[in-house]
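The values are calculated or read from the model by the stated rules, or taken from the named source; none is laboratory data. The structure presented is a predicted model; accordingly, all values stated were derived computationally and were not measured. Every residue, glycine among them, receives a Cβ derived from its backbone with ideal geometry; neighbour counts consider all protein chains shown.
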Amino acid sequence: MPRPKVLDRDVTTPKRRARVRAPELVGRAWLNTGGEQITLKGLRGKIVLLDFWTFCCINCLHVLDELRPLEAEHEDVLVTIGVHSPKFVHEADPEALKAAVERYEVHHPVLDDPELTTWQNYAVKAWPTLVLIDPEGYIVHVAAGEGHVEALDTIIKELIEEHEEKGTLHKGQGPYVPPPPRDTTLRFPAKAILTPSNTLLVSDSAHHSLVELELDGETVRRRIGTGERGDQDGLKPTFSEPAGLTLVPETLGYHVVVADTVNHLLRGLNLDTGEVTTIAGTGEQWRDGETDGPADKIALTSPWDVAWWNNGIAIAMAGNHTLGFFDPRTNQITRLAGTTVEGINDGPADQASFAQTSGLSTDGTRLWMVDSETSALRWLENDEVRTVVGKGLFAFGHKDGDAEEALFQHPLGVTALPDGTVVVADTYNNAIRQYDPKTNEVTTIATDIAEPSDVVLVDGHLTVVASAAHRLERLAKNIVKIDGTEHAVKRPATEINNEELELTVVFTPPAGTKLDDRYGPSTRLEITSSPENLIIEGAGVSTGLSRRLKINRNITGGVLHVVAQAASCSDDPAIEHPVCRLTRQDWGVPVRVTDTGPNRLPLLMGGMDEG
C-alpha cells in the first residue's frame with residue numbers, strides 16, 4: 001500500500017526520531033488489579049495502551065466505548081491501562097473515581113494519578129490521549145482525541161507480527177481483576193420523571209434499563225429492559241446507559257422519550273404496554289455531516305437529556321456540545337443551537353457555544369440547561385442564549401450569592417419549578433442549589449448528597465436522584481449559606497514566549513489515507529484565549545493547522561482554547577467512493593507567559609508514530 005500523501009502546507013509531519021523508553025507509571029493507587037501494583041517493567045512482552053482520561057469528559061467516555069472491541073480482539077496480548085488525570089476537584093476523590101470506574105464499566109486497570117505526575121511525564125496536553133507502548137517498553141504511537149481505533153488496530157497487528165518473529169511477545173492473561181459485584185435495586189440512576197399514573201420512572205443507567213417506582217422512591221412496580229447492553233426494541237428492550245426522560249403530552253404511540261445515551265438514540269416508551277421503539281438516530285455516533293433531516297437518517301451523539309419544549313423534543317447533545325430538536329409529527333431532527341465548539345459564548349442560538357449540556361428543563365417559555373464542563377446554568381428563549389451562572393471551562397467551585405459571582409462544579413441536572421425558581425443538581429459539589437430569577441441569587445438548599453444528577457417535584461416536595469448512592473432521596477429544604485470556595489483546574493501551565501508564539505497542530509492522516517480537499521479546505525483551526533486580550537494578533541479561524549500568534553507581554557498567564565479538525569479519505573485511486581473521516585480535537589491549554597518561554601507550541605491531533 002502506498003504511503004499516505006500529506007499536504008505540507010497545512011500539516012506538520014513529525015520526523016522519525018530515536019526510540020523513546022516509556023516512563024514508569026506513577027500515581028496514588030491502582031484500581032481493578034486486586035490490590036497489585038502494576039509496572040511497565042512487569043508488563044514486558046505485552047503491548048500496552050495508556051488511556052489518559054478523566055471521568056467528566058464526554059470524549060473520554062466515547063473512547064472507553066470505542067476501545068471495548070479492540071480490547072476483546074487482542075485480549076491475550078494487549079493490556080489497556082486507564083491513567084486517570086482529574087480536571088475537577090471532585091474527580092480527585094478516590095471514592096468518586098472508584099464509583100466512576102464501576103459506573104462506566106471500565107474493565108481494565110486504572111492508575112489514580114491525582115497530581116498529574118504521569119500526565120506530565122508523558123507530556124500530555126489533552127483529554128483523552130492514547131499512548132501505545134511496544135512489548136520492549138518503547139513508545140510507538142501517540143494520539144489525542146477519539147476515533148483512533150482503526151489506526152490502533154493496524155499498529156497493534158503490526159506489533160504482534162514483529163514481536164512474534166523476535167520472540168518478545170508474551171501471550172496470556174493480563175493484570176485486570178474485576179471488583180466484587182454489588183447488588184442494589186438501582187445502580188447509578190441518572191434521571192427521573194413523574195408519570196401520569198403518579199409513579200416515578202427512573203433511568204437506571206448502570207443496569208441499562210428503566211425502573212418504575214411507587215412515590216416512596218423504593219417500591220418497584222416494574223423494570224423495563226433486560227439489563228444487557230443493546231438497542232433491541234419491543235417488549236424485551238435493551239438500552240446502553242440511558243439517561244434523560246421526558247413525557248410527551250400527545251398521542252404518538254409512546255408516552256415517554258428516553259435519551260439512550262451510549263447507543264446515540266432516542267427511544268419511545270409506551271407506558272401502557274412497556275413496549276420500546278427507536279424514534280431517532282442511526283445508532284452511529286455523529287462525527288461530521290448532516291444534522292438536519294429524517295430522524296432515522298441523522299446520527300446523534302451522546303444525547304444526555306431531553307425535554308418537551310415548543311411542541312417537540314429538545315435534546316442535550318453532550319457529545320458535540322450542541323442542542324438538537326426532534327419534531328415527532330414530522331419525524332425530523334434539526335440543530336436547535338450551537339456550533340460544536342466547546343465553550344460558553346452567548347448570543348444567537350446558531351452562534352452560541354455550549355460545553356457538554358447534561359440537563360434540560362422548561363418553565364413553559366425558556367429552555368433551562370446546565371452545561372457540565374463550564375459548570376454553568378443557562379437558558380434559551382427566542383433563539384437567544386444567555387448564561388446565568390458560569391465563568392468558563394476552567395473555573396468552578398461552590399459559592400452562593402449573586403449569580404454573576406456564584407459557582408457550581410459540573411452540574412448534571414436542572415428543574416424549573418412552578419414558583420419561577422430553578423433548582424440545579426450540582427453534581428460534583430454533592431449539593432442541590434436554587435436560583436431565583438427575581439433576586440438573581442443562588443442559594444444552597446441541600447448538601448451531602450452523593451452526586452445528585454436530577455431533581456423532580458413530587459407532591460410539592462423535591463425528590464433527588466442521588467446517583468452515587470444508588471437511590472432517590474426526598475429533601476427537606478434547608479438553606480445552607482456557602483460563602484465561597486473557588487477552584488481552578490490543576491493542570492500545570494505550559495510556558496510560552498511573551499512576544500510571538502507559533503502554534504502548530506501536528507496531524508498525520510491514518511495509514512492508507514490522505515487529506516482531502518475535493519469539497520474545500522481539509523483542515524480548520526480556531527484559536528481563542530482567556531483572557532481575550534492574551535492574544536494580540538492571530539486569534540480566530542483559518543484553514544491551516546499552524547498559526548503565528550502575537551502574545552500580550554503584559555498578561556502573565558491564561559488559557560489558549562484551540563479547536564482543530566482535519567478531513568482524510570482513503571488513498572486508493574481504484575476506489576470510486578473513498579471512505580472519509582473527520583478528526584477533531586479541542587484543547588484548553590493553561591499557559592504561563594515569560595520572556596524565556598519557547599516560541600513554539602506543538603499540539604498533537606490524530607496519530608504520531610515514535611521510533
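When you look at Lys191, is it part of a loop (DSSP other than H, G, I, E, B), over 15 Å from Leu50 (Cα atoms) and not hydrophobic (A, V, I, L, M, F, W, C), yes or no? No; evaluated as a whole, the condition is false for this residue.
With respect to (1) surrounded by fewer than 24 Cβ atoms within 10 Å (Cβ to Cβ); (2) among the polar types (S, T, N, Q); (3) in contact with a strand residue (DSSP E or B) (Cβ under 7 Å, 6 or more places away or on another chain), the lone exception for Thr427 is condition (1).
Here Thr261, Thr277 are screened, and the one residue that is surrounded by fewer than 17 Cβ atoms within 10 Å (Cβ to Cβ) and assigned by TED's automatic domain parsing to the domain that holds Lys236 is Thr277. With respect to Thr185, is the statement that it is in contact (Cβ under 8 Å) with a residue 60 or more places away in the chain, of a type outside the set (Asp, Glu) and over 26 Å from Leu40 (Cβ atoms) true? Against the criterion (in contact (Cβ under 8 Å) with a residue 60 or more places away in the chain, of a type outside the set (Asp, Glu) and over 26 Å from Leu40 (Cβ atoms)), Thr185 qualifies. The residues of the stretch 363-396 that are at pLDDT below 95 and at positive phi, listed by number, are Gly364, Gly392. Taking the numbered list (1) acidic (Asp, Glu); (2) modelled with pLDDT under 85; (3) outside any loop (DSSP other than H, G, I, E, B) in turn, Glu473 passes all entries but (2). Here is the figure for the stretch 194-225: residues that are within 24 Å of the chain's Cα centre (by Cα) and either assigned to a strand (DSSP E or B) or among the aliphatic types (A, V, I, L, M) (or both) total 6.
Number of residues in the stretch 230-273 that are polar (S, T, N, Q), out of contact with any Lys or Arg (no Cβ under 7 Å at 6 or more places or on another chain) and assigned to a loop (DSSP other than H, G, I, E, B): the value is 6. Residues in the stretch 221-239 that are among the acidic types (Asp, Glu) and touching a residue at least 40 places away in the same chain (Cβ under 8 Å): Asp231, Asp233.
Restricting attention to the stretch 36-67 and to residues that are β-branched (Val, Ile, Thr) and over 12 Å from the mean Cα position of the chain (by Cα), the residue that is farthest from Asn263 (Cα to Cα) turns out to be Thr39.
Close Cβ contacts (under 8 Å, 6 or more residues apart or on different chains) running from residues in the stretch 412-426 that are at positive phi and assigned by TED's automatic domain parsing to the domain that holds Asp459 to residues that are in a strand (DSSP E or B) and at pLDDT 95 or above comprise Gly420/Asp436. Please name all residue pairs, on different chains or six or more residues apart, with Cβ atoms under 7 Å, provided the first residue is in the stretch 362-381 and is assigned by TED's automatic domain parsing to the domain that holds Gly413 and under 12 Å from Asp305 (Cα atoms) and the second residue is in a loop (DSSP other than H, G, I, E, B) and of a type in the set (Gly, Ala, Ser). Qualifying pairs under 7 Å: Asp371/Ala355; Asp371/Gly390. Of all residues in the stretch 182-215, those satisfying the criterion of being buried (at least 23 other Cβ atoms within 10 Å of the Cβ) and of a type in the set (Ser, Thr, Tyr) are Ser203, Ser205. Of all the criteria given as (1) assigned to a helix (DSSP H, G or I); (2) crowded, with 21+ Cβ neighbours inside 10 Å; (3) modelled with pLDDT of 95 or more, the one not satisfied by Leu70 is (2).
Screening Glu218 with (1) in contact (Cβ under 8 Å) with a residue 40 or more places away in the chain; (2) in the same structural domain as Ser361 (by TED's automatic domain parsing); (3) more than 20 Å from Ala468 (Cβ to Cβ); (4) surrounded by fewer than 20 Cβ atoms within 10 Å (Cβ to Cβ) gives one miss only, at (3).
Looking at (1) under 30 Å from Val563 (Cα atoms); (2) among the hydrophobic types (A, V, I, L, M, F, W, C); (3) part of a loop (DSSP other than H, G, I, E, B), which is the only condition Val177 fails? Only one criterion in (1) under 30 Å from Val563 (Cα atoms); (2) among the hydrophobic types (A, V, I, L, M, F, W, C); (3) part of a loop (DSSP other than H, G, I, E, B) is unmet by Val177, namely (1).
Of the residues making up the stretch 199-213, at least one is out of contact with any strand residue (DSSP E or B) (no Cβ under 7 Å at 6 or more places or on another chain) and outside the structural domain of Arg103 (by TED's automatic domain parsing).
Listed by position, the strands (runs of 3 or more DSSP E) inside the stretch 357-441 whose residues that are touching a Phe, Trp or Tyr at 6+ places or on another chain (Cβ under 9 Å) and under 25 Å from Asn59 (Cα atoms) number at least 1 are 357-362, 367-371, 376-381, 384-389, 395-398, 413-416, 422-426.
Each row is one residue, and each column tells you yes or no for (1) buried (at least 23 other Cβ atoms within 10 Å of the Cβ); (2) touching a His at 6+ places or on another chain (Cβ under 7 Å); (3) aliphatic (A, V, I, L, M).
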position	(1), (2), (3)
Gln356	yes, yes, no
Thr362	no, no, no
Thr365	no, no, no
Val370	yes, no, yes
Glu381	no, no, no
Arg386	no, no, no
Lys391	no, no, no
Glu405	no, no, no
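Would a scan of the stretch 88-96 turn up a residue that is in the same structural domain as Asp586 (by TED's automatic domain parsing), modelled with pLDDT of 95 or more and farther than 26 Å from Asp426 by Cα? No: the stretch 88-96 contains no residue that is in the same structural domain as Asp586 (by TED's automatic domain parsing), modelled with pLDDT of 95 or more and farther than 26 Å from Asp426 by Cα.
When Thr195 is tested against (1) outside the structural domain of Ala468 (by TED's automatic domain parsing); (2) over 21 Å from His107 (Cβ atoms), just one condition goes unmet, and that condition is (1). Just checking, does the stretch 296-316 include any residue being outside any loop (DSSP other than H, G, I, E, B), of a type outside the set (A, V, I, L, M, F, W, C) and surrounded by fewer than 18 Cβ atoms within 10 Å (Cβ to Cβ)? No, there is no match, as no residue in the stretch 296-316 is outside any loop (DSSP other than H, G, I, E, B), of a type outside the set (A, V, I, L, M, F, W, C) and surrounded by fewer than 18 Cβ atoms within 10 Å (Cβ to Cβ).
With respect to being at pLDDT 95 or above and within 24 Å of Gly558 (Cα to Cα), Ala406 fits the description.
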